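See below for the structure under consideration.
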Amino acid sequence: MPIPPRVLTVAGSDSGGGAGVQADLKTMLALGTHGMSVITAVTAQNSLGVQGAWELPAEAVRAQFRSVVDDIGVQAVKTGMLASAELVETVAGLLAGVRAPVVVDPVGVSKHGDALLAASALEAVRTRLLPAATVATPNLDEVAWLTGVRVTREADLRAAAEAVLSYGPRWALIKGGHLDGDAVDLLTDGTDEHWLRAPRHDNRHTHGTGCTLASAIAAGLAKGASVPDAVAAAKEYVTGAIAAGFALGGGIGPVDHGWAFRR
């Protein structure tokens, strides 16, 4: 049997299964790739929020990474929750030795507003992690945290992208999902611009959207797609997942990673 493209997620665990490593692996499977994981932190998390988070030692993160990369190899890497400045530095150092494309989702807070990254890690994200990214995928809150640029309308997305690109990623995908109207994102490398639009679905069950999108992009890159093509396909996949998001527990439910199988 042919070996499927291999994608590695370096992120935190979501015990509720809607975001984090669990969402990443579901997305990778749904898109025809083999998902592997380096767990950086364990969270006690459900539809209502994050009740606790415990980061793993840098030694454990480094050992997981080397175990996978040195034996199995990777064709794309996605990073998510990294919890602390030490883990950001550790992961950035590991990525420096990988030739595969890297998708950086600079996760700062959860869907419920719970902090998932220490404030002290900001400089490490700017100077170590973003320069390692083939694609960086911040949402508007993360753009403001990283750059100070606040986006209130679609016309502001270009300035946000320029600010993110100044830290070194090859491409920036600025996610405008928090704006009014259609869900519009801007993908650019500073020269080439791609505006991606999708209808906004009236569904509050959107837990895991950012993790899912970044993982879908990584899956596309692992399969050999160009960055614009991988992002466009990922946008289509996550739009379908949002439309099919379902209630779970008493709060915000997850997007449906298997929506295409049940359509």
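Read the figures in this text as sums done on the coordinates, not as results from a lab. Remember, it's a predicted structure, so these values are computed and weren't measured experimentally. When we count neighbours, we look across all protein chains shown, and the Cβ atoms used for this are built from the backbone with ideal geometry, even at glycine.
Computed 3J(HN,Hα) for the range 12-17, one whole-Hz value per residue from the Karplus formula 6.51 cos²θ - 1.76 cosθ + 1.60 where θ = phi - 60°, is x, 8, 10, 4, x, x, glycine and proline marked x.
Test of understanding: what is the full-extension gain from ARG150 to GLU162, defined as 0.36 nm times their sequence separation minus their Cα-Cα distance? Intermediate results must be reported in sequence, preceding the final value.
Numbers: separation 12, 0.36 × 12 = 4.32 nm, distance 1.26 nm.
Working it through step by step, the gained length comes to 3.1 nm.
Provide the percentage of antiparallel DSSP beta bridges, counting only those with both residues in the range 44-174; round to the nearest 5. Beta bridges within the range 44-174, antiparallel portion: roughly 35 percent.
Among the DSSP beta bridges whose two residues both lie in the chain, what percent are antiparallel, rounded to the nearest 5? The partial results should precede the final answer.
Working: 17 of 40 bridges.
About 45 percent, rounded to the nearest 5.
Separation of the range 211-256 and the range 168-191 by C-alpha centroid, Å? The two parts, judged by their Cα centres, are 15 Å apart. Each of ARG66 and VAL98 was given a label point 7 Å from its Cα along the Cα-to-Cβ line. The distance between the two points is 1.6 nm.
Here the mean projected area of the convex hull built on the C-alpha positions of the range 1-90 is 6.1 nm². The trypsin sites (Lys or Arg not before Pro) found in the range 125-225 that occupy coil by DSSP, while having at most 12 further C-beta atoms within 10 Å, are ARG150, ARG153, ARG204. The convex hull defined by the C-alpha atoms of the range 28-151 has an orientation-averaged projected area of 8.2 nm². A convex hull fitted around the alpha carbon atoms of the chain yields 115 Å³ per residue. Phi angles of the range 168-184 translate, via the Karplus equation with coefficients 6.51, -1.76, 1.60 and θ = phi - 60°, into HN-Hα couplings of x, x, 5, 10, 10, 10, 8, 8, x, x, 8, 7, 6, x, 4, 7, 10 Hz per residue; Gly and Pro are given as x.
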